[in-house]
Amino acid sequence: MISLFNEVRFLKKIEEEFGNNAGKVWQAINTHGNIDETNLKKITKLDERKFYSAIGWLARENKICKVGKYYRLGETNLTDRIGTNAGKIWGTLNSNNDIDISSITKITRIQENDAYLAIGWLARESKIEFQKKNKEKQLFYKLK
């Protein structure tokens, strides 16, 4: 029973982390204005997975756009790219539950960073769940 409690708490923490990371990105852009990806990552101190998932989350909320190499707050222009990839990942998860990011990218032929953008999008829609399957806390994804 204790391990199930810890697992649920871990998964809840992951879901909250996506939203918190999106808040970090939003706050950085709100404070600094238009900002390129390199500097945005430095300010937020987010790794690749967390950064791109946060961008996907904000895109789904229609709060972020990219103009040239700069991110800024505003109506998103990322829907076509991220939404299309989110649809591919949703379809993949519908056929192949409990798979990791490397399997997702291999099946969908989506680059890893683009897959994390789409996962952030799907997480904001509450369409996916996260599972930890090994001691390294590697995440596996499935539909809710």
message: Could you check the stretch 66-82 and list, in sequence order, the residues that are in a helix (DSSP H, G or I), surrounded by fewer than 18 Cβ atoms within 10 Å (Cβ to Cβ) and not basic (K, R)?
response: T79, D80
task: Scan the stretch 100-114 residue by residue and report those that are surrounded by 19 or more Cβ atoms within 10 Å (Cβ to Cβ) and either of a type in the set (D, E) or touching a residue at least 40 places away in the same chain (Cβ under 8 Å) (or both).
output: D114
task: Considering only the stretch 105-128, state which residues are farther than 22 Å from C65 by Cβ and touching a Phe, Trp or Tyr at 6+ places or on another chain (Cβ under 7 Å).
output: K127, I128
message: For the structure I just gave you, tell me whether G91 is of a type outside the set (D, E, K, R), assigned to a helix (DSSP H, G or I) and within 22 Å of T31 (Cα to Cα).
response: no
Condition broken by D47, with the remaining ones in (1) surrounded by fewer than 16 Cβ atoms within 10 Å (Cβ to Cβ); (2) in contact (Cβ under 8 Å) with a residue 60 or more places away in the chain satisfied: (2)
- line: The residue from N96, N21, N85, N30 that alone is at pLDDT 95 or above, closer than 24 Å to K133 by Cα and either surrounded by 12 or more Cβ atoms within 10 Å (Cβ to Cβ) or not hydroxyl-bearing (S, T, Y) (or both) is N21
query: Do we find a residue being more than 19 Å from F130 (Cα to Cα), over 14 Å from the mean Cα position of the chain (by Cα) and of a type in the set (A, V, I, L, M, F, W, C) anywhere in the stretch 47-61?
result: no
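The values are calculated or read from the model by the stated rules, or taken from the named source; none is laboratory data. Since the model is a prediction, treat every value here as computed from it, not as a measurement. All Cβ positions, glycine included, derive from the backbone under ideal geometry; neighbour counts span all protein chains shown.
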